[in-house]
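Here, each number is a calculation from the coordinates, and none is a lab measurement. Fair warning: this is a prediction, and the values are worked out from it, not measured in the lab. Heads up, the Cβs are rebuilt from the backbone with ideal geometry, glycines too, and the neighbour counts pull from every protein chain shown.
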Ligand code: UDP
């Protein structure tokens, strides 16, 4: 545990991150890189929960845009997160880390069902615990699922890994003048409509005093550095 600032954290990974340089699905190199990032914290006894998105496979909104019933599309999106969760579990276990997948939608044959107290027990035993199928409800996102689960399990911080290395005042890809915040308040994120997480997720964190750390997993050891309290990315804090 030495040097670590946190004991229990929730890491949110987007589904798109798993694509690597592909256009769809999972590039196996990415889960392996994520496993390498998590290993030092795992070995040190930190309690790590993970929520992964499904955007590399299916998003309900794109289904709805193509004329599909929104709730039906969202159910497909939630199932996509289960595929990603199982892929991560497989890689984590091959990397010597015990891991459990708990799904918000019951599917006994492939994963446990999410039960809050059981999830906390897994974490206490040092198992990486992946929360699959989002919140189990359509019209939500996996960012909201991450915020909800972080609050439920009493995580000290919600760590959101994105393609961008923090929160900027404008899109840093489109605008090279964009400035990165070291810290920013929830209210400012909401008022400026900064695309960090959706408003539901940000509001839930705000209401429950859940700090959000936004950073990129590019580069070796970033997750570990963030866990040790080094200034990595942007932290969303109280007003
Ligand atoms: N989804 C849902 N309810 C939830 C979480 C996710 O319906 O609680 C669906 C929704 O269709 C979403 C998809 O699952 O588009 C994949 O999740 P998300 O878009 O959050 O993934 P990411 O952008 O992180 O890859």
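What are the residues in the stretch 48-61 that are over 12 Å from the mean Cα position of the chain (by Cα) and either more than 8 Å from the ligand (Cβ to nearest atom) or part of a loop (DSSP other than H, G, I, E, B) (or both), if any?
55, 56, 57, 58, 59, listed by residue number.
With a cut-off of at least 2 residues that are within 16 Å of the ligand (Cβ to nearest atom) and surrounded by 15 or more Cβ atoms within 10 Å (Cβ to Cβ), name the strands (runs of 3 or more DSSP E) lying wholly within the stretch 112-204.
It comes to 128-132, 157-162.
For the stretch 214-229, which positions are surrounded by fewer than 22 Cβ atoms within 10 Å (Cβ to Cβ) and outside any loop (DSSP other than H, G, I, E, B)?
216, 222, 224, 225
Within the stretch 32-44, is even one residue within 15 Å of the ligand (Cβ to nearest atom) and either buried (at least 19 other Cβ atoms within 10 Å of the Cβ) or in a helix (DSSP H, G or I) (or both)?
yes
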